[in-house]
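Sharing a structure with you now.
The values are calculated or read from the model by the stated rules, or taken from the named source; none is laboratory data. Worth saying up front: this structure is predicted, and the values here are computed from it rather than measured. Quick reminder, even Gly has a Cβ in these numbers, built from the backbone with ideal geometry, and neighbours come from all protein chains shown.
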Amino acid sequence: MTLSVRSGPQIPLLILLVLFSLVVSSPLLASGQAKPPYYQKISELTAAVEAEIIAIRRDIHAHPELAFQEHRTAALVADHFRKLGLEVRTGIGGTGVLGVLKGGLPGPILAMRGDMDALAITEETDLPFASREKVLVGGRETGLMHACGHDIHTAMLLGVASVLSRMKNQVPGTILFVAQPAEEWGDGANKMLQDGVFRDYKPEAIFAFHVDDTLKAGYAHYVPGYAGANCDTFFLTIKSEGCHGADPDQCVDPIVVGSHVVLALQAMISREIDVHDHTVITVGYFHAGSATNIIPEKAELRATVRSYGDEQRIRLKEKITRTISGICQSHGARYELDYQFGTPALYNHPELLTAILPTAELVLGGKDRLIEDRPEMGGEDFSHFAREIPGVMLSLGVVPPHLERTSVHSPTFIADEKAIGIGIRLMSSILMDYARKPARLRVRGFKK
Ligand SMILES: [Zn+2]
Ligand SMILES: [Zn+2]
């Protein structure tokens, strides 16, 4: 562009062009829409509650509780909801809490979920609110720590409830705030569903955050479709009569049989599973024997089996069962196999995700702040909710400015608390924007 500001008649054109380029490059219009008027209100209310919510987060962080023992946290959550005037149900699926906000405008029922449980890890940060709590696990004393960011998830849940309840006359429909226990055990969401968390109010969409230990605050990851894996387990015992190590023909050697099983399972993945079907089998536990010259009476193997999709997990179970059975039979070994389906794969409903991405872009301030990520083979029990109703989990960056990255499930995990206000604004906006969509533009019903 070579316009001269000194030549009179070109000035209006220049101004027009500058204005035009400002509008086109503005993040406000990055996705073809202007910021709705209530965004300002959400920002103001977030700023007003942020300090209180960060204080609550620190309190929860200093007092972590293990799965299904989140009594203090649940009481704090319920108390906060009551103070906001929400309808509250407690003790759902153990320690789960539901807060119901009825908006002043007609609209759908939507839900936000936060998880409350901590991990048996001894905190090694020097934060002034670091956890000093202890717990007995398997007879051994260990520390307790919010090393997976669930304190932040719960704090954001309370923050969004605070913001939206203060502008409830503008809120369309009903918003459910679901504080769930025992995410780390992969069972809390399921227990809440079994206990009828959505008996009286059935949401048509549910949203959640997880902290992201690879991104800075202000950035978010999203994954369309499968984002986390089925987390299944098997327990195998290979049996023998046991005999002298010098007379191996006298009994089955369960260690040799077990070794064949481990290797055959890896070969099975590479030869029998479609290369596009992400699959992991890790035999992480193989215990047998007591001496060099004794063939033991049993070998115990335990494995985690990761995959995506219901059909795939069923097929895998059949193949693993067949492989184990065939190998044991060929060696004349007796065995017991206990195969358990655990947390199902997390499925981010692609249409629902597409519907909320423009909001995320607006709130975070541009496309570059929102990064599509690859699916993981880890587990996340939000999947139980997202099987019942369309759901989306976004990962919010929490890496502090002075670090390259931080690491969840580690004793040194620390998070940038700036992410809390960002998350509150983001989820409040997602809920408001989505609730205001006409029914024909919302994702209806389910099955993926
Ligand atoms: Zn975790
Ligand atoms: Zn987690």
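Is at least one residue of the range 303-318 of a type in the set (A, V, I, L, M) and touching a Lys or Arg at 6+ places or on another chain (Cβ under 6 Å)? Spell out how you get there, then give the answer.
From the range 303-318, those of a type in the set (A, V, I, L, M) are 303, 305, 314, 316; that's our starting set.
Next cut, touching a Lys or Arg at 6+ places or on another chain (Cβ under 6 Å) only: none.
Checked against the condition, which is being of a type in the set (A, V, I, L, M) and touching a Lys or Arg at 6+ places or on another chain (Cβ under 6 Å), the range 303-318 yields no hits at all.
Additional query: Give ALA118, ALA130 a once-over and let me know the one that is of a type outside the set (Val, Ile, Thr), within 16 Å of ligand 1 (Cβ to nearest atom) and touching a residue at least 24 places away in the same chain (Cβ under 8 Å).
ALA118
If you don't mind, another one. Return only the number of the condition from (1) touching a residue at least 40 places away in the same chain (Cβ under 8 Å); (2) more than 16 Å from ligand 1 (Cβ to nearest atom) that LEU403 does not satisfy.
Of everything listed in (1) touching a residue at least 40 places away in the same chain (Cβ under 8 Å); (2) more than 16 Å from ligand 1 (Cβ to nearest atom), LEU403 misses just condition (1).
For the range 304-346, name all the residues that are surrounded by 13 or more Cβ atoms within 10 Å (Cβ to Cβ) and on the phi > 0 side of the Ramachandran plot.
Hit for the range 304-346 is GLY309, nothing else.
When you look at ALA355, is it under 29 Å from VAL197 (Cα atoms), part of a loop (DSSP other than H, G, I, E, B) and hydrophobic (A, V, I, L, M, F, W, C), yes or no? Spell out how you get there, then give the answer.
Details: under 29 Å from VAL197 (Cα atoms): yes; part of a loop (DSSP other than H, G, I, E, B): no; hydrophobic (A, V, I, L, M, F, W, C): yes.
It is false that ALA355 is under 29 Å from VAL197 (Cα atoms), part of a loop (DSSP other than H, G, I, E, B) and hydrophobic (A, V, I, L, M, F, W, C).
Kindly indicate whether any position in the range 189-199 is in contact with a helix residue (DSSP H, G or I) (Cβ under 7 Å, 6 or more places away or on another chain), in contact (Cβ under 8 Å) with a residue 60 or more places away in the chain, crowded, with 20+ Cβ neighbours inside 10 Å and closer than 18 Å to THR359 by Cα.
Looking for residues that are in contact with a helix residue (DSSP H, G or I) (Cβ under 7 Å, 6 or more places away or on another chain), in contact (Cβ under 8 Å) with a residue 60 or more places away in the chain, crowded, with 20+ Cβ neighbours inside 10 Å and closer than 18 Å to THR359 by Cα, one finds none in the range 189-199, hence no.
Which members of the range 279-324 meet the condition of being among the hydrophobic types (A, V, I, L, M, F, W, C), under 26 Å from HIS384 (Cβ atoms) and not in a helix (DSSP H, G or I)?
Going residue by residue through the range 279-324, those that are among the hydrophobic types (A, V, I, L, M, F, W, C) are 280-281, 283, 286, 288, 291, 294-295, 299, 301, 303, 305, 314, 316, 320, 324.
Cutting the leftovers down to under 26 Å from HIS384 (Cβ atoms) gives us 280-281, 303, 305, 314, 316, 320.
Within the range 279-324, VAL280, ILE281, ALA303, VAL305 qualify.
Here is a follow-up. Report yes if VAL223 is buried (at least 17 other Cβ atoms within 10 Å of the Cβ) and either closer than 21 Å to THR154 by Cα or not assigned by TED's automatic domain parsing to the domain that holds LEU76 (or both), otherwise no.
Numbers: buried (at least 17 other Cβ atoms within 10 Å of the Cβ): yes; either closer than 21 Å to THR154 by Cα or not assigned by TED's automatic domain parsing to the domain that holds LEU76 (or both): no.
No: the conditions fail for VAL223.
I would also like to ask the following. Looking at ASP368, ASP381, which one is in the same structural domain as ALA208 (by TED's automatic domain parsing) and without any contact (Cβ under 8 Å) to a residue 60 or more places away in the chain? First the steps, then the outcome.
Working: ASP381 fails: without any contact (Cβ under 8 Å) to a residue 60 or more places away in the chain.
Going through ASP368, ASP381 in turn, just one is in the same structural domain as ALA208 (by TED's automatic domain parsing) and without any contact (Cβ under 8 Å) to a residue 60 or more places away in the chain: ASP368.
Related question: Which residues, taken from the range 52-70, are farther than 21 Å from ASP126 by Cα and either of a type in the set (Asp, Glu) or surrounded by fewer than 17 Cβ atoms within 10 Å (Cβ to Cβ) (or both)?
Residues satisfying the conditions are GLU52, GLU70.
Can you tell me which residues in the range 59-117 are under 23 Å from the mean Cα position of the chain (by Cα) and β-branched (Val, Ile, Thr)?
Of everything in the range 59-117, those that are under 23 Å from the mean Cα position of the chain (by Cα) and β-branched (Val, Ile, Thr) turn out to be ILE60, THR73, VAL77, THR90, ILE92, THR95, VAL97, VAL100, ILE109.
Follow-up. If you take just the strands (runs of 3 or more DSSP E) that sit entirely in the range 119-227, which of them hold at least 1 residues that are more than 20 Å from GLY94 (Cα to Cα) and within 16 Å of ligand 2 (Cβ to nearest atom)?
On the way: elements: 134-137, 140-143, 172-180, 205-216, 220-222.
Hits in the range 119-227: 205-216, 220-222.
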